[in-house]
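Undergrad: So that we are looking at the same thing, I have put the structure below in structure tokens.
The values are calculated or read from the model by the stated rules, or taken from the named source; none is laboratory data. Just so we're clear, the structure is a prediction, and the values are computed from it rather than from any experiment. All Cβ positions, glycine included, derive from the backbone under ideal geometry; neighbour counts span all protein chains shown. Heads up: the accessible areas ignore ligands, DNA and RNA and are worked out on the full protein's heavy atoms, side chains in. Shrake-Rupley method; radii C 1.70, N 1.55, O 1.52, S 1.80 Å.
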There are 2 protein chains.
Amino acid sequence: MEPVTVGVDFGTLSARALVVRTADGAELGTAVVPYRHGVMDAVLVTPSREIPLPPNWALQDPRDYLDALKTVIPAALADAGAVPEQAVGLGVDFTTCTLLPTRPDGFPLCLEPRFENEPHAWVKLWKHHASQPYADRINAVAAERGESWPERYGGKVSSEWMFPKILETLTEAPEVYEEAYTFIDAADWIVWLLTGCETRNSCIAGYKALWCGGYPSEDFFRALDPRMEHIVRDKLAAPVLSVGTLAGELTEQGAALCGLASGTAVSVGHTDAHVVAPALKIARPGVMLDLVGTSSTMLVSSESYVPVPGVCGIVKDGILPGLWGYEAGLGCVGDAFGWFERNCLSPELVREAESRELSPLAVLTERIAETEPGESGVMALNWWNGNRNPLGDGDLSGLFVGLTLTTTPEDMFRALVESTAFGTRIIIENLRSHGVAVDEFVASGGISRKSPPMMQIWADVIGMDIQIAGTKEGPAKGSAVYAAYAAGAGRGGYGTLAEAADHMGTGPIRTYRPDPARKEAYDALYRDYLTLFDYFGRGGNDVMKRLLEMKKKARGKKS
Amino acid sequence: MEPVTVGVDFGTLSARALVVRTADGAELGTAVVPYRHGVMDAVLVTPSREIPLPPNWALQDPRDYLDALKTVIPAALADAGAVPEQAVGLGVDFTTCTLLPTRPDGFPLCLEPRFENEPHAWVKLWKHHASQPYADRINAVAAERGESWPERYGGKVSSEWMFPKILETLTEAPEVYEEAYTFIDAADWIVWLLTGCETRNSCIAGYKALWCGGYPSEDFFRALDPRMEHIVRDKLAAPVLSVGTLAGELTEQGAALCGLASGTAVSVGHTDAHVVAPALKIARPGVMLDLVGTSSTMLVSSESYVPVPGVCGIVKDGILPGLWGYEAGLGCVGDAFGWFERNCLSPELVREAESRELSPLAVLTERIAETEPGESGVMALNWWNGNRNPLGDGDLSGLFVGLTLTTTPEDMFRALVESTAFGTRIIIENLRSHGVAVDEFVASGGISRKSPPMMQIWADVIGMDIQIAGTKEGPAKGSAVYAAYAAGAGRGGYGTLAEAADHMGTGPIRTYRPDPARKEAYDALYRDYLTLFDYFGRGGNDVMKRLLEMKKKARGKKS
């Protein structure tokens, strides 16, 4: 019986399990189970009622996670032709911060009849944004008090993080806050149910809960709301363990929840993005992992902490154990391309896509492969969803310049792709200029595999080799690698994460190398991109904000 | 027999005749005849050969004008149920500067066998742009010598004008230059053939041939090329008469060319744009006529001359007799909208347009009627074809700012329409700030009639009533009004142009009035438009020029 580990990736709409051979990382079997209630963003379905939700809400039902867990691992084992006894470790990653309040025994408050019709008692999904006013309040109080921790978060707490969601609950449903034994990320909650051990992990605590050896002070929380003064002592007392640490072993109850054998090692919970690194053999400083999807998440580790303005987070043990993890990213990549194919086409291109049964995006991608840097005559600022890093400004917007009567949709699309590359280059140069090395670049995610011309443009713009991830199973595989590390060498796993990553991770399937002539052309364009970036993004001309204000006013009047 | 006059409008592709009752301006009959050879911009078809033409050439065959003339007036008379003897006057307008070299008897050099295969001997159509290097040379020499006349032309001679076309011929086909008795605009040439009197008119001479009481000096022409020193004395000696002046009467030969009776009054030739004013009852200072088509031509008259930078031309008797005519305009209006509907659509909009058998532009126009100023969140700089006025810079390009993931094609289209309105407002304010009154605004051309939401936006932005021209026959009708003025009161016409315009011109069919609240919103947006205008257009950031340079280089390498 060869040892395997199992990684389970809880996404936004489904859970995915992967069975991996610890010896060589072979991906033996997989299964996916969707959540019954999906994302509840318009109506909350409770056991007794259907409750309409205000805008920007996004809830989930915790039973969906357990239902998925119960079937997805056995299905993956069956697909692998493996038996539970082969599994030496289990790892779990989740969307984060996806938060729920529980009783001391881990039972979700929302499943108690007295709270089932209180939306704040349910799981607030990562993209629940109704907490924005509370994020604003946290930022204001932190600024007033001159707190030091905002430096690690580019100066700003996001509405997606833990304390805005908790402060929202305290304010709008104080009885839920009072009754909650704890507020816990679903990743840690699942690990708790499986092992009986309540833990937190350094990745989620660091990036989503302002933790750095400890949470913010009681003074800070009291300033926020006197009722929160002792929140850390009273509700967040569980230990925060470094990523990859053994959280505990499967209890009998835990084993029943997931279909593996009791005694199996379980690693602490993890974030679905950051967990990908070791799946791609990334276990050392200076290797940037870029998860390119609707937006991009750029992750790189370093031996030391240096303050870098304009990042999302700088967290000890945040990506890899023992290292400082730096996270930054673009506010939209795939989302911008999706916008483009829905809004910027010629009738001719629409018809070609239809007749060839391709998406407009596929046709656009073909066409930009035929042109050279500068040939479009168009430049874009890629801020369709604001600028996440380094400006952290959601009120910025996209721009095209250079349009003429002969400009084509593919000219504009190429400019848009180039602008995402320029935006990526700015983030890399920002990190480097503050002393964080970025020596290698690994791209993962659908766009990195499906769009060779885009990745070539990125390589030419950033002037680095771009290695394309060799597996599509990044998150589940990363959880499986961490599970092998948590299990340890003694029971069929590995003694260090580096060893686990080296044996079980997957190397690149392809590398895009920058072309020197194209790189030179892009260096010239990049200077112009930077000038526009500063002019529109750093106060030279705040026209984007004024346009947004006017839009809000005009639309407000109508509704 | 009630008196009529006939106006003939020679366009780019066809000639159009209109029979108008002098008493009340009733449009009694019309006819159109296309030119057999159309525009020859790829191949010149001569009696013996087909000669490929270089890029940017545009020639016509003068026989096409005569063939059209021979049939179009009789056809219009027949349509009107009128006889030639009713016609008391004939007026002719033409695209300008559409230039040909002739013998002393008016015979075109290109129809002589020895010149028929020399492209420079043929009619150079207004949009023949191969003469650009010669325009550059004229501008350089004028600047070197500190000539005063460029002040009347926004500092720049266009390649479309007369002397660049002549200098090109002198340089590339000196034998044509030597042999030419004169170079003459087709408008004046037709009048010459009809009346036997060789005249020039103040509109074409003023706007297209640098004339202002006289042409530039012999010193200037000698500096340009010693062989041109005496060009005015030797080849341009014919008198320049004010617009609307009687050029002569139809000779027997002239009568045979057009089918009217000999002795009929013929007014001097005219430009197809400027001739429109009296057709719309415009015969006094301060009324701006805006011909809104692929681009826009904005014409307003004033009692006095003041230097205004950033106009196309300031010409005495240029639009109306006795007044100084100021011309300016936008480099593209309809052209930009046409670009938009070919390049910036959603698949959904393409399908809706197809299923309703509408153009995408018609659907976009419907949709922008449903939104308010500022609601799009988008702003554009309308420079898809450069900026004609006030910047006179063809190397500028279009811009969109304010794009987000929820921006729609109609949001962008509304911004584009608004930008043409802002551009129009800048021209009006530029004229006013230099002392040229603009008290009324009359719009003519297809876009002004077909697009109520656009015209409402224009009215809201410029803060003036926009009167929409009541006739589609602007040029031919204008020629007919001028013919009645040239004929004079004694033979069934009018003693003053004002009387002729008042009796025969057509008032507006509709007036768009600015809405105060929308005007206020646009005032705010206009401030931002001006900031972007100066930043990108006046040297704040020359990124548009650099993008154009790179584009030319990249495309040059490929071809």
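Undergrad: For the range A:458-469, which residues satisfy the criterion of being touching a helix residue (DSSP H, G or I) at 6+ places or on another chain (Cβ under 7 Å) and either closer than 13 Å to A:A26 by Cα or in a helix (DSSP H, G or I) (or both)?
TA: Correct list: A:W458, A:D460, A:V461, A:I462.
Undergrad: If I ask for residues that are without any contact (Cβ under 8 Å) to a residue 60 or more places away in the chain, outside any helix (DSSP H, G or I) and over 21 Å from A:T271 (Cα atoms), which ones from the range A:200-224 would you list?
TA: A:S217
Undergrad: Further question on the same structure: When you go through (1) open to solvent by less than 10 Å² (accessible area, probe 1.4 Å); (2) more than 28 Å from A:S131 (Cβ to Cβ) one by one for A:L59, which number turns out not to apply?
TA: Result: A:L59 fails condition (2) only.
Undergrad: Please specify each residue of the range B:355-391 satisfying the condition of being within 20 Å of B:A421 (Cβ to Cβ), away from chain A (no Cβ under 12 Å) and in a loop (DSSP other than H, G, I, E, B).
TA: B:A369, B:R388, B:N389, B:P390, B:L391
Undergrad: Could you please find all residues in the range B:31-56 being open to solvent by 20 Å² or more (accessible area, probe 1.4 Å) and part of a loop (DSSP other than H, G, I, E, B)?
TA: Hits for the range B:31-56 are B:R36, B:H37, B:V39, B:D41, B:A42, B:P47, B:S48, B:R49, B:L53, B:P54, B:P55, B:N56.
Undergrad: Check off (1) open to solvent by 10 Å² or more (accessible area, probe 1.4 Å); (2) modelled with pLDDT of 95 or more; (3) more than 29 Å from B:G394 (Cβ to Cβ) for B:Y482 and give me the number that stays unchecked.
TA: B:Y482 satisfies all of (1) open to solvent by 10 Å² or more (accessible area, probe 1.4 Å); (2) modelled with pLDDT of 95 or more; (3) more than 29 Å from B:G394 (Cβ to Cβ) except (1).
Undergrad: From the residues in the range B:1-30 that are polar (S, T, N, Q) and surrounded by fewer than 23 Cβ atoms within 10 Å (Cβ to Cβ), which one is farthest from B:D67 (Cα to Cα)?
TA: Applying the filter and picking the extreme gives B:T30.
Undergrad: Filter the range B:404-446 down to the residues that are free of Cβ contacts under 8 Å to residues at least 40 places away in the same chain and small (G, A, S), then identify the one that is most open to solvent (accessible area, probe 1.4 Å).
TA: So the residue we want is B:S433.
Undergrad: When the residues of the range B:392-403 are filtered to those that are surrounded by 22 or more Cβ atoms within 10 Å (Cβ to Cβ) and assigned to a loop (DSSP other than H, G, I, E, B), which remaining residue is farthest from the other protein chains (Cβ to nearest Cβ)?
TA: Going through the qualifying residues, I end up with B:L396.
Undergrad: Scan the range B:312-345 for residues that are touching a Leu at 6+ places or on another chain (Cβ under 7 Å), within 14 Å of chain A (Cβ to nearest Cβ) and small (G, A, S) and report the count.
TA: Selection size over the range B:312-345: 1.
Undergrad: If B:R388 meets every condition in (1) buried (at least 23 other Cβ atoms within 10 Å of the Cβ); (2) under 21 Å from the mean Cα position of the chain (by Cα); (3) at pLDDT 95 or above apart from one, which number is that one?
TA: Going through (1) buried (at least 23 other Cβ atoms within 10 Å of the Cβ); (2) under 21 Å from the mean Cα position of the chain (by Cα); (3) at pLDDT 95 or above one by one, B:R388 breaks only (3).
Undergrad: Okay, next question. Would you please name the residue that is farthest from the other protein chains (Cβ to nearest Cβ), looking only at residues in the range B:504-559 that are among the basic types (K, R) and buried (at least 17 other Cβ atoms within 10 Å of the Cβ)?
TA: Among them, the one singled out is B:K519.
Undergrad: Are any residues in the range A:58-82 free of Cβ contacts under 8 Å to residues at least 40 places away in the same chain and hydrophobic (A, V, I, L, M, F, W, C), and if so, which ones?
TA: Within the range A:58-82, no residue meets the criteria.
Undergrad: If you don't mind, there's one more thing I want to ask. Test of understanding: among B:G155, B:G146, B:G106, which residue is on the phi > 0 side of the Ramachandran plot and open to solvent by less than 40 Å² (accessible area, probe 1.4 Å)?
TA: B:G106
Residue by residue, here is whether (1) closer than 22 Å to A:G377 by Cα; (2) of a type outside the set (D, E) holds:
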{"residue": "A:D460", "(1), (2)": "yes, no"}
{"residue": "A:I466", "(1), (2)": "no, yes"}
{"residue": "A:E473", "(1), (2)": "no, no"}
{"residue": "A:A483", "(1), (2)": "no, yes"}
{"residue": "A:G492", "(1), (2)": "no, yes"}
{"residue": "A:P514", "(1), (2)": "yes, yes"}
{"residue": "A:M544", "(1), (2)": "no, yes"}
{"residue": "A:K558", "(1), (2)": "no, yes"}
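Undergrad: I've got another one for you. Between B:W324, B:W339, which is in contact (Cβ under 8 Å) with a residue 12 or more places away in the chain, crowded, with 17+ Cβ neighbours inside 10 Å, among the aromatic types (F, W, Y) and farther than 18 Å from B:T420 by Cα?
TA: Residue meeting the stated conditions: B:W324.
Undergrad: Conditions: (1) open to solvent by less than 10 Å² (accessible area, probe 1.4 Å); (2) out of contact with any Leu (no Cβ under 6 Å at 6 or more places or on another chain). B:A121 meets all but one. Number of the miss?
TA: The one condition B:A121 does not meet is (2).
Undergrad: Filter the range A:201-213 down to the residues that are open to solvent by less than 30 Å² (accessible area, probe 1.4 Å) and at positive phi and list them by number.
TA: The one that is open to solvent by less than 30 Å² (accessible area, probe 1.4 Å) and at positive phi: A:L210.
Undergrad: Can you spot a residue in the range B:246-260 that is open to solvent by less than 10 Å² (accessible area, probe 1.4 Å) and either within 18 Å of the chain's Cα centre (by Cα) or modelled with pLDDT under 95 (or both)?
TA: For the range B:246-260, residues open to solvent by less than 10 Å² (accessible area, probe 1.4 Å) and either within 18 Å of the chain's Cα centre (by Cα) or modelled with pLDDT under 95 (or both): absent.
Undergrad: For a quick check of your reading of the model, give me the residue pairs whose first member lies in the range A:480-501 and is touching a residue at least 40 places away in the same chain (Cβ under 8 Å) and more than 17 Å from A:K281 (Cβ to Cβ), whose second is of a type in the set (A, V, I, L, M) and open to solvent by 50 Å² or more (accessible area, probe 1.4 Å), with beta-carbon atoms closer than 9 Å and at least 6 apart or on different chains.
TA: Between residues of the range A:480-501 that are touching a residue at least 40 places away in the same chain (Cβ under 8 Å) and more than 17 Å from A:K281 (Cβ to Cβ) and residues that are of a type in the set (A, V, I, L, M) and open to solvent by 50 Å² or more (accessible area, probe 1.4 Å), the close pairs are A:A486/A:L246; A:A487/A:L246; A:G488/A:L246; A:G492/A:A23.
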